[in-house]
Every structure is written in C-alpha cells, then in structure tokens.
There are 2 protein chains.
Amino acid sequence: MRKQNYPISIGLLLIFFTPASAADKPPAFSRTDLAAVSTLRERALVDTTAYQLIESLTTEVGTRPAGSAGDKAAVAWAQREMQRLGFVNVHTVEAIVPHWERGEAEFSVLTPYPQTMPTLALGGSVGTSNEGIEADAVMVKDLGALAALPSGAVKDKIVFFGNRMERTRDGSGYGKAVPVRAGGPSAASAAGAVGVVIRSISTSNLRFPHTGTTRYTATATRIPALAISNPDADALVRQFQSGQPVRLRIRSSSRDLPQARSANVVGEIPGTDLANEIVILGAHLDSWDPGVGALDDGAGVAIMMGVARLINELDVKPRRTIRVVLFANEEFGTSGSLAYLAANQTNVSRHVLGFEADFGAGPVWRLSSRVNPAQLPAVDQIFRALAPLKLVRGDNAARGGADLEGLSKLGMPILEPSLDGTDYFDVHHTADDTLAKVDPKALRQSLAAFATTVWLGAQYSGTWERVTEPKPPRR
Amino acid sequence: MRKQNYPISIGLLLIFFTPASAADKPPAFSRTDLAAVSTLRERALVDTTAYQLIESLTTEVGTRPAGSAGDKAAVAWAQREMQRLGFVNVHTVEAIVPHWERGEAEFSVLTPYPQTMPTLALGGSVGTSNEGIEADAVMVKDLGALAALPSGAVKDKIVFFGNRMERTRDGSGYGKAVPVRAGGPSAASAAGAVGVVIRSISTSNLRFPHTGTTRYTATATRIPALAISNPDADALVRQFQSGQPVRLRIRSSSRDLPQARSANVVGEIPGTDLANEIVILGAHLDSWDPGVGALDDGAGVAIMMGVARLINELDVKPRRTIRVVLFANEEFGTSGSLAYLAANQTNVSRHVLGFEADFGAGPVWRLSSRVNPAQLPAVDQIFRALAPLKLVRGDNAARGGADLEGLSKLGMPILEPSLDGTDYFDVHHTADDTLAKVDPKALRQSLAAFATTVWLGAQYSGTWERVTEPKPPRR
C-alpha cells in the first residue's frame, strides 16, 4: 500500500470547500515514490540486463520480419524472457501480419558508365520479371519535383529520387525525407514510370542501402522500387551530371506470400491501489530483414523490459499496473498495434498513460509529453526528478511512436523520454543494425530516464486526464 | 600564380643554408630545388586534381578486378588521363592476369540458432557444389591454435578462425592477422577440414565482410573459404559459447576463368641531366570487386599522378626521370609488377629510387626509408623539408609495397612517406571502398608529402647507391 501523506479529513475539506490552487493540492508524488527514483536510477546506471536482452534477442533470434521464422522465434523468446524476469499475466495477443519476401535485387547503371551497385527493395515492393526492367532514367529531387515535371516526362522511365536526408537529433529529417519512400513509387507510376530507385533515407556515407515500407495507392499500377546507399546515389548523380543519357536495369524477386500469424507479447508488473489503470510501455518485436534489429527495435524491447524489471525489484510496489507490450509487425503496417487496439476496445480508457521506445539505444536527451494541460505541473516535477540525467525540457506536442498512435489518438496521455536520433538513421533499416551499434553506456542512461519517468507516471497522485486536443500533424 | 610570402619557407631556408654535416661536401640539394619545395607543397595543399582523379576513376570505371571489363576500362582511363595531364612516353606493359569470378556466396548457421550472415568468398577461393557444404564447425583463434589441435579434430568439419585484427597506425596489425586469410584454408584442409570461414581481416564493427587473396598450397585439397564481418563473427562466437554444437552451411559459386590480358600503364615526366635515371612511382590500377577501389588504390593512383603533374608544372625541370607506373593486378598475385620486372630486366639499375602509394588516402604521418646508409643524411634533409607537414622520422627498414617488392629486393632504394593506416582496415577490401571514404584534406596533405619527397629524390646531387643489406622480414 502506499503511504498517505496528508489526513483524509483535510483532503475532503479541500475538495469540498476550496477552489483548486497549486498551494492547496496534495503533492503529485509521495516522498517514498520520489526516494525510489534514486534507487531506480542508480540501478539502471549499472544495469546489465537490458544489454543482455539485446544480445540474446539478436544472437538467438536475429532477423525477425513479419511472417518469418524469426518472427515466431521472437514471440517465443519474448514470452520466455518475460517469465524469466518475473512478469505476470504474460500472454500473447494474436495479430495477422502480411508476409512479404524480399528475395534478391539487382541495380545496374548501363550507360554512360556501367556500374552495379548494392540495392535493397523497399518493403512491400513488387518484384520484376526474371529479366528485370531496363529503361532510361529521370532524376528528380522529391515528390514536388516529380509533380512539377511536364506531362509524359517519366513515361516508360525509371525515376530516381535523389534528395538527401538531413541529420537531426529529433529525427525531424526523417519525417521530411521519408515521403519519397512511402509515396514515390505510386506517384511515379501514376505519371507513367515503370520503376523507381530512391537514394536511401539515410544519414550515413556507408555503402548500406536502407529499406523501409513503401505504400502503393489503390489506383496506380504497382511498380518495383529499390533503394541505393548514399555513396552510390552520389555516384549515380555524377553519371547524370555527365550530361549523357542514363540507362538503368533493375531486377527484384520480391513477392507477397499469404498472410501469417504473429502475436503481440504482453507482460505486467501488477499495480496496487490503482491496478485497474494501465501504464503501457510499447516497443516492437519485429525487425526489418537485412539486419538483426539491435537498434530497431531490440533496444526499445530491452529498455521497456528492463524498466519493468527494475520497478518490479523495488521494495515499494507500483500503484498503477505497468504493462509491457511488444508489438508484432510495426515495420510493415503496424498490424500488432491494430490488433491490440481491437482486442482492447472496451479497455481503452484503462490505458491512462503511454510510453514508447522505438528510436535506438539512446541516450535520452529530452522529456516531451502530450498530456492534458492539467498534468503539466506533474510533468515538470518528473522533469526535475530527471535532473541527474541532464535532459532538456521538451514541449507538450509529443507525437509518440507508431504503435501507440491509436491509443494516443483516443486521448491517452503520452510521456516521451526522447532518444537521441543523431546517428540513428546511419543504421536504421540496414544490414548493419547489429549489436555492435548499441552503446552500453547510452543504453543504461536511457534505461534510467525511462525508469524514472515510468515509475513517477505510475505513482502520480492525481488523475491522468484524457488529452482532448486534436493530435498535431507529424513534424 | 602562387604567393611567395609563406612565412615557414623563410625558416626552412635558414635550415637549408646550414649544412647538416661535412661542410666541404656539395649540398645534397640546390637552393633552387629547395625553393621549389614550398611551391609544390602550397600547390598540393590546394590541389583538386588528385581528388578529381579518384572521383573520375570510381565513377567512370568503378570496380576493376583483374580480368574484368572494369580492368580493361581502367587501363584505357589511365592512358587517357596521363595524356590529358601532359605525361610523356605514355604506354602500356602487357600483363597476363588470372581471372577469378566471385559469383555469389552464402553463409548460414544452422544450429544452435539459425542465422544467415553476409559473406564474401576469399579471393581465389574455389566454389562449392550448388547444394553447398553442411558440416559441424570448430572454432580456433589462428594458425597456431589449429596446429595445436589433436589429430582428426577438424576432420570433415568447417573451421572458423576467430582471431580479431588489431588497429594500428602503421598497418602492423594487418601483418599479424593476415596469415589466417592467406594460409588458413590450406592448413585446415591439410588437417581434414572441408571448408573455412574467417573473421574478416578488419578493424571495423560495420557489417561488411572483407575479401582478399587466399593462397592454396600445391598439396592440400582446395577447400572453399569465406569471410564474415566482425559483428557477425562476434555473434558466431556467442553461438559457440552457448556450448551447443554449431553446424554451418556454406555455398559459393566462385570459379576460375581463363587468364586474361591486362596492362601496367606507364607515363613519365622526363628528366634532364640525369634523365637516364628513373624515380619510379608505383600504385595499382586494379581493385577488389566488391568496392570501387577509392582507397585501394584509387588514392594511390591519384597521389602518384598528382605528384607527377605538380612536378611537371614547376618552372624548374626534374633532373631524373619521374616514371609513374600504375600496376595491373596487385591484389591477386602482383602479375603487373612481375610483368614490369620481366620487361625491364636490363633496366633494373636505372630504377634508382622507388615510391609506392597503396595504403589509402592519408594523411602521411612519417618518413621512412630503405636506402644505402650513405644517403641517410640526404633523407634527413628531405625530412627537414617536410617540417611544415608535421611528420615523424621513421627508420631505414621500410618494406615498401607489394608492387615494388621485386625492384626493392634487387637493391633499389625506397623512400616511404607513410600513409596513416589507422582507419584503413575499416574499409580495405570491402564493398564500402567508395569515394565517400576519401578525406580531401588528408589527400592534399599526402600529395604535398609525396611531392616534396619525390621531387627532392629526383634532384639529389649525389648518387642513390644500391641497398646491399638483405631485405628485412615483413613486420
């Protein structure tokens, strides 16, 4: 049970006879709960469990795209590990997921200078015939530049989108660059193109192409779409700059297989007096296929499981229930998130606060939120409790991640310890997403920041009121 | 035209006016020659030609392994560029080269934890049947550890060599680690193994496997040999550490094709009073196939062509002839170097001084040599002329590179401005050897160091006496 720091009679008097004011309100967090913060932080900063979880997941499961054998192995792994760590109510929530198979892909420049470059099909791309597609190419910067071309300019051509993503700490460069990957193929097809090649949505100069989902429209013919790395895109730009016609050949054996069964894996640290209220910690269990998903999203899985374990090992128990949900198939349509929402239609309002970790292994540099303004003083107090971790205070317009999008749209407040994304898009969706990219020290700091924030979120003495403002557009 | 008021040159002139040793000997370098050093250096430090040569070679030719279409294109490119830059006596020296085709390779762990990892066949490796080879695996550190195993320990097994290369500035870590790649397959085969997988000879944690030549002995059965990246080798080590049997599957379609014609490309800046004496500048035109050979050895090609061009544009002409030789097929048996030596049997003694650049794009950090001790005072004076570039003084036991090995063994002195190899083996023999890995500033500094050293080597007032000591073993 949690301690009462003020007499009930005074509390009642305050409720019935005095208007709300900061000075009269009960404290947002008890002394005991605040004292537990240092225990959590100190344990997090020497934690080895989170790193070991990533090591285990990447070594014993490895790559785990939706529908694959690795996907199934990951679901089994997560249940086993949650049980080992002492979580309760460990169970799965079935999700039907698409099963797209990458196959092999080839990208060659035929003229003016023959070159073959490493390539990856965009996730969900259709394949080509076995002979591939050979066509002249048109280079455009982005969707706006494509739309500005005269009619027929890309008819029967392969369109190369050459825009380069900007490196940012908050990931905003990704938001600006990614529409080409999502919408480029259908936009080019609608204009008559027969194929698309994009400069990877990437901040690195390494020769790794980056994959990621493309989204075909219902109307345009589905055309194959590949990505090449930044250094190869630079080389291709130089071929265009020679002034000579650029002719390309692309080939891909990507294909759709029948849908498959996967599952969200759920485990809890039970609450006490407010056990019916759920603080949900989301991360995703699937990965893209070229890498082993250490950063995306092994790190998120490890942080969330690590936070729940640290809280579970405190002497004082959480008021609200802490529920870790490892979502199926975030990468290729958030099927797990949608299945979770469908299974919890009558429980939406029980999800009183959400956290998501899907942006690498840290460190955490900022605390943002999307809460009802009435709870901003509590968020300020949480921020003060994070002082030893040296964060900056973000705004109240946090977007959250893709897996909590549904709950967030339905008014669930979000607290967002922001993971530093400066280098994240060097690795994101590449073969290079391996354990070697996880900095154990940054991971421990992230664990400390999440543990502090989750814990205080679970102990808040007030009510996490619903957020009523419309969700802001993605920045 | 260039500025003449560079303050450091005044200091240098003061140094040069003071004879280093015996006052009655003629100075090793004339005032004019020493004055030209600052011109060369200042021009090198703002040079754009060398970088553009790498850009052109990697864009217009790209990958160029021995016997490939790129190999032929590179020979044509080099002749064209030498002529464009004003070299004379531009010609080729034919070399017959092996033509090994990589094909595709696959590497999978079957047990305990199924994983597929990116792999590259070692250069020259035989392929497998189409079904590949499936076998239990034995992990050993290196050749010594293999030799220490009991008889029959690797019979019908795949041997995994797990030793990790050490990062060093002078490349000595490579010399220690590379015997596994060169000799591992035949050593394992002699002990009964059916295949070999090595941890890449690499200092990076990126998921690029590194290729490079393996050398089969005449007696052991040729078995297929693959390399995996450091992060994958780490993951494989963890599979072994699980204590469960590790079973692997390897597949490769590598094969030998008939030998092909290639050529060394030669061009000169003619000497004047000592035109019959040749200062040879060597680099190699071929590359391994996965990358486009920007560092290995586009940078060396560009530095040597850039040095010759800078010297050619001086008002004062070189005394000795400066001969740039871009060797065919350094990577897979130094056929170009051997052909050059065969074609120059009667001219060996005319090669009075050699330089080789085959260690990336710099910066140059050291001046080493292998000269007759009588010329060490001249080397000391050259070192002082390099002072603005902040080198350290190396010893007189320089090895030189592979392409000048033959001439060096026959007594030709070598001067070695040492390229910094700290990061070189992050990229060496990988797909990631692209223009993006060339630091233009380091390249310009390297150009300045080589230009200074080559120039003074060509102008030396004394005789470059032959080296009579036996060549030291590779460190």
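Candidates in region A:23-39 are the residues that are open to solvent by 20 Å² or more (accessible area, probe 1.4 Å) and not small (Gly, Ala, Ser); of these, the one that is farthest from the other protein chains (Cβ to nearest Cβ) is A:Asp24. For region B:208-221, check the following and say yes or no: at least one residue is more than 14 Å from every other protein chain (Cβ to nearest Cβ), part of a loop (DSSP other than H, G, I, E, B), among the aromatic types (Phe, Trp, Tyr) and open to solvent by 10 Å² or more (accessible area, probe 1.4 Å). Yes, because at least one residue in region B:208-221 is more than 14 Å from every other protein chain (Cβ to nearest Cβ), part of a loop (DSSP other than H, G, I, E, B), among the aromatic types (Phe, Trp, Tyr) and open to solvent by 10 Å² or more (accessible area, probe 1.4 Å).
All told, A:Met139 falls short of being under 21 Å from the mean Cα position of the chain (by Cα) and either of a type in the set (A, V, I, L, M) or surrounded by fewer than 19 Cβ atoms within 10 Å (Cβ to Cβ) (or both).
Would it be correct to say that A:Lys471 is in contact (Cβ under 8 Å) with a residue 24 or more places away in the chain, buried (at least 23 other Cβ atoms within 10 Å of the Cβ) and among the basic types (Lys, Arg)? When the stated conditions are applied, A:Lys471 does not pass them. Among the residues of region B:157-177, none qualifies, meaning not one is hydroxyl-bearing (Ser, Thr, Tyr), within 17 Å of B:Arg251 (Cβ to Cβ) and crowded, with 20+ Cβ neighbours inside 10 Å. When we screen B:Asp156, B:Asp142, B:Asp170 for residues that are touching a Pro at 6+ places or on another chain (Cβ under 9 Å) and charged (D, E, K, R), the only hit is B:Asp142.
Of note, A:Ala436 satisfies the criterion of being within 14 Å of chain B (Cβ to nearest Cβ) and either aliphatic (A, V, I, L, M) or more than 25 Å from A:Val61 (Cα to Cα) (or both).
Table: residues versus (1) without any contact (Cβ under 8 Å) to a residue 12 or more places away in the chain; (2) within 14 Å of chain A (Cβ to nearest Cβ); (3) of a type in the set (Ser, Thr, Tyr).
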site: B:Thr272; (1), (2), (3): no, no, yes
site: B:Asp286; (1), (2), (3): no, no, no
site: B:Asp297; (1), (2), (3): no, no, no
site: B:Leu310; (1), (2), (3): no, no, no
site: B:Gln345; (1), (2), (3): yes, no, no
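The number of residues in region B:94-131 that are in a strand (DSSP E or B) and either of a type in the set (Lys, Arg) or free of Cβ contacts under 8 Å to residues at least 60 places away in the same chain (or both) comes to 1.
Of all residues in region B:68-120, which are among the small types (Gly, Ala, Ser), more than 14 Å from chain A (Cβ to nearest Cβ) and open to solvent by less than 10 Å² (accessible area, probe 1.4 Å)? Scanning region B:68-120 gives B:Ala78, B:Ala95. Pairing each residue of region A:232-252 that is at the interface with chain B (Cβ under 9 Å from one of its Cβ atoms) with any residue that is of a type in the set (Val, Ile, Thr) and open to solvent by 30 Å² or more (accessible area, probe 1.4 Å), provided the two are 6+ apart or on different chains, yields C-beta distances under 9 Å for A:Gln239/A:Thr111.
Scanning region A:40-65 for residues that are in a helix (DSSP H, G or I), away from chain B (no Cβ under 14 Å) and open to solvent by 50 Å² or more (accessible area, probe 1.4 Å) yields a count of 2.
Does A:Asp403 satisfy the criteria of being surrounded by 24 or more Cβ atoms within 10 Å (Cβ to Cβ) and away from chain B (no Cβ under 14 Å)? Criteria met by A:Asp403. Could we say that B:Gly144 is without any contact (Cβ under 8 Å) to a residue 24 or more places away in the chain, in a helix (DSSP H, G or I) and over 16 Å from B:Ile223 (Cα atoms) here? Spelling it out, B:Gly144 is indeed without any contact (Cβ under 8 Å) to a residue 24 or more places away in the chain, in a helix (DSSP H, G or I) and over 16 Å from B:Ile223 (Cα atoms). Among the residues making up region A:189-206, those that are open to solvent by less than 10 Å² (accessible area, probe 1.4 Å) and within 14 Å of another protein chain (Cβ to nearest Cβ) are A:Ser200, A:Ser202, A:Ser204.
Is it the case, given these coordinates, that B:Pro470 is part of a helix (DSSP H, G or I) and either away from chain A (no Cβ under 14 Å) or over 28 Å from B:Val352 (Cβ atoms) (or both)? The answer is no for B:Pro470. Looking only at residues of region B:359-391 that are under 21 Å from the mean Cα position of the chain (by Cα) and not in a loop (DSSP other than H, G, I, E, B), we find that the one that is nearest to B:Leu285 (Cα to Cα) is B:Val364.
The values are calculated or read from the model by the stated rules, or taken from the named source; none is laboratory data. Since we're looking at a predicted model, the values are computed, not measured. Using ideal geometry, Cβ is built from the backbone for each residue, glycine included, and neighbour counts are taken over all protein chains shown. We work out accessible area using only protein heavy atoms, side chains counted, and drop any ligands, DNA or RNA first. Shrake-Rupley method; radii C 1.70, N 1.55, O 1.52, S 1.80 Å.
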